[in-house]
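The values are calculated or read from the model by the stated rules, or taken from the named source; none is laboratory data. Remember, it's a predicted structure, so these values are computed and weren't measured experimentally. Here the Cβ is made from the backbone with ideal geometry for all residues, glycine too, and neighbour counts use every protein chain on show.
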Amino acid sequence: MNAIKDIESLEDIKQLVDCFYGKVRQDDLLADIFNKVIGNHWPTHLEKMYRFWQTVLLEEHTYNGSPFAPHVQLPVQAEHFNRWKLLFFETVDENFAGEKAEETKFRATKMAEMFQLKIEYFQNKNE
């Protein structure tokens, strides 16, 4: 059995992203939302997520864009963000351990909090 290691490379990022979105695509709460929006563009979305996390965690600047803009119109609430974080943390903990793995969970938490607040703002603004 292989020892769990920390997140160190693009291959590790790909493992994390692929495992996580594999869970999302099967999840009772999240699958319909993600699959409806992404449709048959999953390979493109996964590539974008590899580049995003590569930039955030490895400081290899391969991602360009605004990560919030595609999410603003999603029909999501606190329960969706809680499930997203649960699946994300579960995936990190199943595959990695160490300082970078903990940083990954911290950054994901902060991003989810920001996205949730901004989406709630736009939802309330448009009511």
Check your understanding: Which residue, of ASP28, ASP6, ASP12, is charged (D, E, K, R), surrounded by fewer than 13 Cβ atoms within 10 Å (Cβ to Cβ) and either modelled with pLDDT under 95 or out of contact with any Leu (no Cβ under 8 Å at 6 or more places or on another chain) (or both)?
Key -> ASP28
Check your understanding: Only one of these conditions is not met by ARG51: (1) in contact with a His (Cβ under 6 Å, 6 or more places away or on another chain); (2) over 18 Å from VAL92 (Cβ atoms). Which number is it?
Key -> (1)
Exercise for review: Find all pairs meeting these conditions: Cβ atoms under 7 angstrom apart; at least six residues apart or on different chains; first residue within the range 7-30 and closer than 12 Å to PHE96 by Cα and assigned to a loop (DSSP other than H, G, I, E, B); second residue small (Gly, Ala, Ser) and at pLDDT 95 or above.
Suggested key: ILE7/ALA101
**Study point:** Conditions (1) closer than 28 Å to LYS125 by Cβ; (2) assigned to a loop (DSSP other than H, G, I, E, B): number failed by LYS36
**Key:** (2)
Exercise for review: For GLY22, indicate whether it is at pLDDT 90 or above, on the phi < 0 side of the Ramachandran plot and not β-branched (Val, Ile, Thr).
Suggested key: yes
Check your understanding: Has the range 78-93 got any residue that is more than 23 Å from ASP12 (Cβ to Cβ), in a helix (DSSP H, G or I) and without any contact (Cβ under 8 Å) to a residue 12 or more places away in the chain?
Key -> yes
Check your understanding: Applying the selection to the range 61-104, what residues are out of contact with any Lys or Arg (no Cβ under 8 Å at 6 or more places or on another chain), surrounded by 14 or more Cβ atoms within 10 Å (Cβ to Cβ) and modelled with pLDDT of 90 or more?
Key -> ARG83, TRP84, LYS85, ASN95, LYS100, ALA101, GLU102, GLU103, THR104
